[in-house]
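Q: Pasting a structure here, questions to come.
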Amino acid sequence: MSAERNLLFDLVSIASASYNEAEACDYLNARLPSLGWDRSYIDDVGNVVATKGEGDNEIILLGHIDTVEGGPEPKVEDDTLWGRGAVDAKGPLCAMALAGGKVKLAQNCKLTLIAAVGEESDSRGILYRLSLHKPKACIVGEPSNTRGITIGYRGCIRVILKAEDGGGHRSADAGPLTSITLAASEILNRLRSNDQSGKSIAYDPSGAVVYMWGREEGQRSAKVELDIRIPIGGTLEEYRLLVEKICEKYEVEHDIILAIPSHVTDKNNIVAKAFRTALRRQKLEPRVVVKSGTADFNHAAAWDCPMIAYGPGDSTLDHTMTEHIVLSEYLKSIDVLETAISLISSYVSSGV
């Protein structure tokens, strides 16, 4: 295999579920200097950070190195690489690492690659880096089918509903297991009833059960964790209020353990402009998309700079047992990224 394919295969072959990224981070950190990066190191929370060039105009390439558990056995068949992380998101991360190492930067520009830990769990990697940078532009490495330019992601609320009592007879008092089930069901049904936009799913709310637990052994107790996706245009406050009112109705407690707002960026910003040009140079027709998921993209919005997400891979394969990436598309994405980064560098250097 080529060096580009080997990098991705090697990284996919190293398991790196959230909280267990160290081996993969060590591997990538050791490889980056040979790919053209001036400096590479692992920061205090475990992120791999590499830099290239000097100057006040920083451009950030933000990927993530962690994955969810499981996935198919890493292998290459013809033009296809199988394995957990091939799409989400080691394919996009390796493409950025390779393109960034090759690119020629304009004067007074610095390129920073961040291979963040914890994106699939608590986002501790990006949250640690936020205050350390003031970039002029950012590319987030997430799968967009090679020709997609992603400008928005839904937000997310993770909430735990819980209830318990000292026991009771079910014929007279259905108890906390039933109350939790009814509350969770009403929340999910209310989210479905709001699914009326007729647009992309990114503009509608949705909800899913993360886990359910309950028991009746004299005392009765139950918990349900819900994953509520906040549509683009929606606010965290309106969905917090929905949860609060329904939990009050069924007399169950709730703890919100995660709350990330949705974010959409200007489809005509300089980063999007650079990618449209870069894609057309590769004979690919650009496609602007918004995503139904939530990503470190939402946190990076705090940098308030031009930004999009881009990367090879079919995002419908994220987290599945059939996760795989077409290697020829991965290789083409490297060329797209190299051109786009070069154009972004010229834009920020000239103050466009």
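Q: Out of S121, S144, S131, report the one residue that is polar (S, T, N, Q), at pLDDT 95 or above and open to solvent by 30 Å² or more (accessible area, probe 1.4 Å). Before you say what the answer is, go through the steps one by one.
A: Values: S121 fails: at pLDDT 95 or above; S144 fails: open to solvent by 30 Å² or more (accessible area, probe 1.4 Å).
Testing whether each residue is polar (S, T, N, Q), at pLDDT 95 or above and open to solvent by 30 Å² or more (accessible area, probe 1.4 Å) leaves just S131.
Q: I would also like to ask the following. Checking E54 against (1) touching a helix residue (DSSP H, G or I) at 6+ places or on another chain (Cβ under 7 Å); (2) surrounded by fewer than 16 Cβ atoms within 10 Å (Cβ to Cβ); (3) of a type in the set (D, E, K, R): exactly one of these is not met. Which one?
A: Only one criterion in (1) touching a helix residue (DSSP H, G or I) at 6+ places or on another chain (Cβ under 7 Å); (2) surrounded by fewer than 16 Cβ atoms within 10 Å (Cβ to Cβ); (3) of a type in the set (D, E, K, R) is unmet by E54, namely (1).
Q: Listed residues A184, A106; which is of a type in the set (A, V, I, L, M, F, W, C) and in a loop (DSSP other than H, G, I, E, B)? Please lay out each step first, then the result.
A: Values: A184 fails: in a loop (DSSP other than H, G, I, E, B).
The conditions single out A106.
Q: Hey, among I344, I308, I246, which residue is outside any helix (DSSP H, G or I), open to solvent by less than 10 Å² (accessible area, probe 1.4 Å), more than 21 Å from E4 (Cβ to Cβ) and aliphatic (A, V, I, L, M)? Spell out how you get there, then give the answer.
A: Values: I344 fails: outside any helix (DSSP H, G or I); I246 fails: outside any helix (DSSP H, G or I).
None of the others qualify; the one that does is I308.
Q: Something else: Can you name every residue in the stretch 35-51 that is part of a strand (DSSP E or B) and open to solvent by less than 20 Å² (accessible area, probe 1.4 Å)? Reasoning before the result, please.
A: Pass one, the stretch 35-51, residues part of a strand (DSSP E or B): 39-42, 48-51.
Matches in the stretch 35-51: V48, V49, A50.
Q: Output the number of the condition that T316 fails; it satisfies all remaining conditions of (1) in contact (Cβ under 8 Å) with a residue 12 or more places away in the chain; (2) out of contact with any Leu (no Cβ under 9 Å at 6 or more places or on another chain); (3) of a type in the set (S, T, N, Q).
A: It is condition (1) that T316 fails.
Q: Can you name every residue in the stretch 321-352 that is closer than 19 Å to V289 by Cβ and hydroxyl-bearing (S, T, Y)?
A: Within the stretch 321-352, the first condition is being closer than 19 Å to V289 by Cβ, and the residues that meet it are 325-326, 329-330, 332-333, 336-337, 340.
The answer is Y330, S333.
Q: Out of L177, L161, L182, report the one residue that is hydrophobic (A, V, I, L, M, F, W, C), open to solvent by 40 Å² or more (accessible area, probe 1.4 Å) and at pLDDT 95 or above. It would help to see each step written out before you state the result.
A: Numbers: L177 fails: at pLDDT 95 or above; L161 fails: open to solvent by 40 Å² or more (accessible area, probe 1.4 Å).
Testing whether each residue is hydrophobic (A, V, I, L, M, F, W, C), open to solvent by 40 Å² or more (accessible area, probe 1.4 Å) and at pLDDT 95 or above leaves just L182.
Residues are listed down the side, and each one gets a yes or a no for (1) open to solvent by 50 Å² or more (accessible area, probe 1.4 Å); (2) in contact with a His (Cβ under 7 Å, 6 or more places away or on another chain); (3) more than 26 Å from S123 (Cβ to Cβ); (4) part of a strand (DSSP E or B):
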{"position": "D10", "(1), (2), (3), (4)": "yes, no, no, no"}
{"position": "I14", "(1), (2), (3), (4)": "no, no, no, no"}
{"position": "E23", "(1), (2), (3), (4)": "yes, no, no, no"}
{"position": "P33", "(1), (2), (3), (4)": "yes, no, yes, no"}
{"position": "L62", "(1), (2), (3), (4)": "no, no, no, yes"}
{"position": "G71", "(1), (2), (3), (4)": "no, no, no, no"}
{"position": "L81", "(1), (2), (3), (4)": "no, yes, yes, yes"}
{"position": "G91", "(1), (2), (3), (4)": "no, no, no, no"}
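Q: Tally the residues that are surrounded by 20 or more Cβ atoms within 10 Å (Cβ to Cβ) and not in a helix (DSSP H, G or I), restricting the search to the stretch 255-282.
A: 4
Q: So which pairs qualify, if the first residue must be in the stretch 1-26 and free of Cβ contacts under 8 Å to residues at least 60 places away in the same chain and more than 16 Å from V87 (Cβ to Cβ), the second must be assigned to a loop (DSSP other than H, G, I, E, B) and polar (S, T, N, Q), the Cβ gap must be under 8 Å, and the two must be at least 6 apart or on different chains?
A: Partner pairs satisfying both residue conditions: E23/S16.
Q: Additional query: Can K102 be described as surrounded by 20 or more Cβ atoms within 10 Å (Cβ to Cβ), of a type in the set (D, E, K, R) and closer than 26 Å to V271 by Cα? Working first, answer last.
A: Numbers: surrounded by 20 or more Cβ atoms within 10 Å (Cβ to Cβ): no; of a type in the set (D, E, K, R): yes; closer than 26 Å to V271 by Cα: yes.
So K102 fails the test.
Q: Moving on to the next point. Restricting attention to the stretch 311-328, report how many residues are charged (D, E, K, R) and closer than 17 Å to N6 by Cβ. If you could, list the steps in order and put the result at the bottom.
A: Taking the stretch 311-328 first, the residues charged (D, E, K, R) are 314, 318, 323.
After this cut, where a residue has to be closer than 17 Å to N6 by Cβ as well, the list is none.
Within the stretch 311-328, residues that are charged (D, E, K, R) and closer than 17 Å to N6 by Cβ number 0.
The values are calculated or read from the model by the stated rules, or taken from the named source; none is laboratory data. Please read all numbers here as calculations on a predicted model, not as lab measurements. Note: ideal-geometry Cβ built from the backbone for every residue, glycine included; neighbour counts use all protein chains shown. The accessibility values were calculated without ligands, DNA or RNA, using every heavy atom of the protein model including side chains. Shrake-Rupley method; radii C 1.70, N 1.55, O 1.52, S 1.80 Å.
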